[in-house]
1. Checking the condition farther than 21 Å from Ala229 by Cβ, in contact (Cβ under 8 Å) with a residue 60 or more places away in the chain and out of contact with any Asp or Glu (no Cβ under 7 Å at 6 or more places or on another chain), which residue from Ala127, Ala123, Ala162, Ala144 passes?
2. What number of residues within the stretch 116-153 satisfy the criterion of being over 28 Å from Ser101 (Cβ atoms), of a type in the set (D, E, K, R) and outside any loop (DSSP other than H, G, I, E, B)?
3. Of all residues in the stretch 139-192 being at pLDDT below 95 and among the small types (Gly, Ala, Ser), which is surrounded by the fewest Cβ atoms within 10 Å (Cβ to Cβ)?
4. Could you check the stretch 100-121 and list, in sequence order, the residues that are more than 18 Å from Tyr172 (Cβ to Cβ) and either touching a Ser or Thr at 6+ places or on another chain (Cβ under 7 Å) or not assigned by TED's automatic domain parsing to the domain that holds Ala22 (or both)?
5. Criterion first (in contact with a Phe, Trp or Tyr (Cβ under 6 Å, 6 or more places away or on another chain) and among the acidic types (Asp, Glu)) does Asp99 satisfy it?
6. In the set Gly186, Gly228, which member is in the same structural domain as Asp139 (by TED's automatic domain parsing), without any contact (Cβ under 8 Å) to a residue 40 or more places away in the chain and farther than 18 Å from Thr154 by Cβ?
7. For Asp156, state whether it is in a helix (DSSP H, G or I), within 16 Å of Ala127 (Cβ to Cβ) and either in contact with a helix residue (DSSP H, G or I) (Cβ under 9 Å, 6 or more places away or on another chain) or hydrophobic (A, V, I, L, M, F, W, C) (or both).
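The values are calculated or read from the model by the stated rules, or taken from the named source; none is laboratory data. Note that this is a predicted model, so its numbers are computed, not measured. Cβ coordinates were reconstructed from backbone atoms using ideal geometry, including for glycine residues, and neighbour counts include every protein chain displayed.
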Amino acid sequence: MANKRNTEIFFIVDGARLEAQACLLAPSLKEHLQPHQKAVAYVREDYRDEIGSLTQEVLAASNVEIRCIPGTDGGHAPWAAPYPHGNKILAAAAPRDCDISVFLDTDTVLAAPVDFEAELGDALIAACVSDYAASAGSDEDWAAYYAAFGMEPTEDRVQYNAGRQLVSFPYYNAGVILFHERTDDGVPTGIGRDWLGAALRFEQEVEREYSRSNIDQFTLPILGYLRGAPVKSLPQHMNFNVQSFGQGEGQSQSVVHYHRLGILWAHRRHGRRALDRLVEMRGSHAAEEFLETFGTIVRRKRMKHHLRAMQEEAAAFAAASEARAAATAKKAQRTDVAENTQQVA
């Protein structure tokens with residue numbers, strides 16, 4: 001079998017909410033990543049010392065390396081105004097010694113092993129088409145966005161995955177992004193650097209009103225056209241939105257995007273599996289430890305059906321173990337009596 005190309009999967013940890021999510025994402029990466037795949041958690045330099053002990057322990061136990069995002073020691077530079085979503089772009093622009101980079105939003109979990117190299121293929125960048133048109137902008141908006149880069153609007157169109165499945169200018173969910181860090185000949189592609197440059201130019205040049213939180217998603221397709229390599233559309237299982245599609249019975253789900261913890265707990269399989277991984281990693285107290293650490297962020301009431309099932313299964317296991325121990329002791333006692341009887345005879 002041909003050697004697999006080194007792949008780094010990275011995500012952001014910044015604040016208690018993302019720490020809670022990271023404590024669910026990291027164990028899923030440990031379960032499913034392959035030997036040529038590595039996980040990295042990027043943190044802002046001004047937050048590195050704030051990361052809680054539970055988060056650090058879970059990341060370490062999951063073999064996730066913690067790295068600082070360069071140039072983030074206070075303030076919102078290089079952005080003109082605070083832009084937390086921009087941390088992913090700054091992290092993408094940071095140097096990595098790998099062939100392929102994969103960015104994951106922290107509110108995702110890996111539900112199965114993924115061959116990211118095969119999913120990316122020969123494309124420079126790949127992502128899933130957005131589910132809805134709500135945040136994508138009108139045709140007039142896109143014309144202004146492309147004009148900011150001296151470009152005519154593309155004639156390409158994509159179809160959204162949910163709702164009325166409208167057709168639009170290419171627009172992708174930035175929660176899962178795959179890109180080549182270097183060519184087959186080892187030449188750096190500079191994709192992360194160029195994405196940052198495009199986002200900064202967008203912020204500086206676009207005068208038409210837009211949703212600031214979506215600069216990352218507005219610039220991703222533009223970046224592809226700037227590089228002469230349009231973004232490849234990934235199959236839906238690579239960014240399966242359980243908020244939109246629910247349980248998804250019978251649908252392939254490799255990277256699960258839940259957006260809000262309450263939505264994850266509503267999912268029978270993925271919600272329970274996320275908690276089970278913590279227990280497997282840290283012991284039976286892990287769920288309570290998670291609750292105590294992150295409080296109301298984790299939506300305890302939404303978790304209760306999973307917690308109750310886990311407690312019932314633990315009690316049943318303990319009872320079964322006790323019954324087996326009692327049966328073993330009784331069998332041993334009968335054996336001793338039989339041996340004593342034989343000796344007397």
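1. Ala144
2. 3
3. Gly186
4. Result: Val109, Leu110, Ala111, Ala112, Glu117.
5. Values: in contact with a Phe, Trp or Tyr (Cβ under 6 Å, 6 or more places away or on another chain): no; among the acidic types (Asp, Glu): yes.
So Asp99 does not fit the description; no.
6. One residue alone meets the criteria, Gly186.
7. No, not satisfied.
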